[in-house]
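Asks: I am attaching a structure below and will ask some questions about it afterwards.
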Amino acid sequence: MEIRIKSIYKELYKTHRSKEYFAELFDVSTKTIENTVSNYKDDIIYDKKLSSYRFKNLLPKYISYESFFKLFQNSIGNSIIKNDFLSIGKSMSKEESSLSMIDTSSLSDLAQKIVSCDIAINNNNILKIEYSGNSKPKEAKYVRPHTIISTGFTYYLYASYDEKNEKNIGKYRSLGFNGMGEISLIDYVNNANFRIDKTGNAYGLYEKEKYVTLKLEPYSANFFKKEGLLQKENFDFIIEDDNNAILINMYYNDDQEIINLIQQWMPQISIQNNINLKEKIYLKIKSNYEALIKS
């Protein structure tokens with residue numbers, strides 16, 4: 001595969017592109033671009049409606065290693081190793097990345113679905129997803145994909161329901177990739193930007209306005225610092241006292257996230273800033289504890 005077509009694949013991963021765009025990019029004629037792409041017509045087509053080249057299917061036959069690297073870098077749960085991984089990525093030259101392509105047929109079903117949805121976000125595609133979640137029967141969901149969320153172990157697609165869905169139109173939801181069946185391209189939306197550059201979890205995206213201030217006693221504080229957990233997107237360090245206890249803000253979407261953390265570490269982690277939230281969370285933890293004792 002020549003360098004020019006590799007570059008075309010990389011560009012089409014980002015979004016659909018016109019002949020004129022590629023002609024200017026490579027300083028050649030549009031006829032030369034046509035000739036280059038003609039050998040890959042099973043994978044790249046010219047869409048007259050878009051006046052652009054695009055991938056024929058949601059999942060192209062090839063993607064660049066660079067695109068794969070950027071998409072899956074958040075799969076590394078250990079923050080320290082992740083930083084090493086990112087440093088290696090920055091040191092890679094553009095030329096080196098351009099020479100490396102991945103045959104997507106060699107990827108797992110999960111990776112193929114994630115790549116397909118990432119391309120759909122870049123291209124503002126409305127998708128039809130066969131989905132089953134929480135032991136419910138599989139049903140078709142028509143969505144506008146916005147971002148891919150990784151917890152380090154599990155992947156979610158944060159999306160909003162399109163009008164073709166007929167119900168819950170405009171509502172946002174995190175869809176677990178492990179519950180997805182077939183994913184189909186329904187339409188392109190022009191003059192739109194589906195991508196939302198935020199992080200989150202199964203409950204949705206993190207918002208800076210929704211947080212709880214936690215005190216980590218020295219034992220738990222040392223563990224969080226040693227394991228690099230304070231580098232995660234949902235934690236902000238505030239201050240450390242003379243006894244090595246620390247205060248942090250934790251951004252969350254659902255109370256269960258706070259309950260899980262405090263139950264795991266009690267009494268090493270406590271709520272500091274919100275009396276009403278503190279009473280509600282502690283009452284739930286007490287109820288959980290009493291239920292456990294009775295079981």
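The values are calculated or read from the model by the stated rules, or taken from the named source; none is laboratory data. In this text, all values refer to a predicted model and were calculated from it rather than measured experimentally. A quick note on method: Cβ atoms are made from the backbone with ideal geometry, for glycine too, and the neighbour counts reach across all protein chains shown. To get the accessible areas, we keep the full protein, side chains included, count just its heavy atoms, and leave off ligands, DNA and RNA. Shrake-Rupley method; radii C 1.70, N 1.55, O 1.52, S 1.80 Å.
Asks: Leaving out ligands and nucleic acids, note down the accessible area per residue over the chain with a 1.4 angstrom probe, in whole Å².
Replies: On the way: 16460 Å² over 295 residues.
Here the residues of the chain average 56 Å² of exposed surface.
Asks: Express the carbon and sulfur contribution to the solvent-accessible surface of the chain as a percent, rounded to the nearest whole number, probe 1.4 angstrom. It would help to have the intermediate numbers written out before the result.
Replies: On the way: 7740 of 16460 Å².
Of the solvent-accessible surface of the chain, carbon and sulfur hold 47 percent.
Asks: Suppose R0 equals 51 Å; then what is the FRET efficiency for Ser38 and Asp84 from their Cβ-Cβ distance, rounded to the nearest 0.05? Write down the numbers at each step before the final one.
Replies: Values: r = 42 Å, r/R0 = 0.83.
Efficiency, rounded to the nearest 0.05: 0.75.
Asks: Note down the magnitude of the dipole of the chain about its Cα centre, charges +1 on Lys and Arg C-beta and -1 on Asp and Glu C-beta and zero elsewhere, to the nearest 20 debye.
Replies: Values: 40 positive and 38 negative charges, 133 e Å.
For the chain, the charge dipole is close to 640 debye.
Asks: Another question, if that's okay. If we sort 112-118, 67-73, 164-170 on the protection proxy, mean other Cβ atoms within 10 Å, highest first, what's the order? Could the numbers behind the result be given before it?
Replies: Numbers: 112-118: 22.3, 67-73: 17.6, 164-170: 12.0.
The most tightly packed comes first, giving 112-118, 67-73, 164-170.
Asks: Considering the dipole of the range 152-260 built from charges on the beta carbon (Lys and Arg +1, Asp and Glu -1) around the Cα centre, which of Gly170, Leu185, Ser160 is farthest to its positive end?
Replies: Ranked along the dipole, the leading option is Leu185.
Asks: Given 0.36 nm per residue, what is the gain on full extension from Asn134 to Tyr46 after removing their alpha carbon distance, in nm?
Replies: Details: separation 88, 0.36 × 88 = 31.68 nm, distance 4.04 nm.
Contour length minus Cα-Cα distance gives 27.6 nm.
Asks: Ok, one more. Over the residues of the range 226-288, compute the C-alpha Rg and express it relative to 2.2 N^0.38 Å.
Replies: On the way: Rg = 12.3 Å, N = 63, 2.2 N^0.38 = 10.6 Å.
In units of the 2.2 N^0.38 Å rule of thumb, it is 1.15.
Asks: Test of the criteria: in the range 18-53, which trypsin sites (Lys or Arg not before Pro) are in a DSSP loop and have at most 12 other Cβ atoms within 10 angstrom of their Cβ?
Replies: Lys41, Lys48, Lys49
Asks: State the Kirkwood hydrodynamic radius of the range 203-261 in Å, one decimal place, computed from all pairs of distinct Cα atoms. Let's see the in-between values first.
Replies: Details: mean 1/r = 0.0838 Å⁻¹.
One decimal place: 11.9 Å for the Kirkwood radius.
Asks: Under a point spin-label approximation (7 Å from Cα along Cα-to-Cβ), what is the Asp242-Glu207 distance to one decimal in nm?
Replies: Computed distance between label sites Asp242 and Glu207 equals 4.1 nm.
Asks: Work out the FRET efficiency for Asn273 and Asn190 from their Cβ-Cβ distance, taking R0 = 41 Å, and round it to the nearest 0.05. Don't skip to the answer; put the middle values down first.
Replies: Values: r = 45 Å, r/R0 = 1.10.
Between Asn273 and Asn190 the formula returns 0.35.
Asks: While we're on this one: Eigenvalues of the Cα gyration tensor times 5, then square-rooted: what semi-axes does that give for the range 150-204, in whole angstrom, largest first? All intermediate terms of the calculation are to be shown ahead of the outcome.
Replies: Numbers: eigenvalues 84, 41, 30 Å².
Equivalent ellipsoid of the range 150-204: 21, 14, 12 Å, largest first.
Asks: Note the per residue figure in Å³ for the convex hull of the C-alpha positions in the chain. Let's see the in-between values first.
Replies: On the way: hull volume 51.4 nm³, N = 295.
That works out to 174 Å³ per residue.
Asks: Between Ile169 and Ser29, take the C-beta separation as r, use R0 = 45 Å, and let me know the FRET efficiency to the nearest 0.05. Intermediate results must be reported in sequence, preceding the final value.
Replies: Numbers: r = 45 Å, r/R0 = 1.01.
After rounding to 0.05, the efficiency reads 0.50.
Asks: Give a quick list of GluC sites (Glu not before Pro) in the range 171-227 that DSSP marks as loop, anything other than H, G, I, E or B, with at most 11 other Cβ atoms within 10 Å. Mind showing how you got there, number by number?
Replies: On the way: sites: Glu182, Glu207, Glu209, Glu227; in loops: Glu207, Glu209, Glu227.
Loop-located and lightly packed - Glu209.
Asks: On to the next question. Given the options Lys61, Lys226, Lys215, state which has the largest fluctuation in a GNM of the chain using a 10 Å cut-off (strictly under) for Cα springs.
Replies: Taking springs between Cα atoms under 10 Å, the residue moving most is Lys226.
Asks: Calculate the length of the line joining the C-alpha centroid of the range 181-260 to that of the range 13-80, in whole Å.
Replies: With the range 181-260 and the range 13-80 each reduced to a Cα centre, they are spaced 33 Å.
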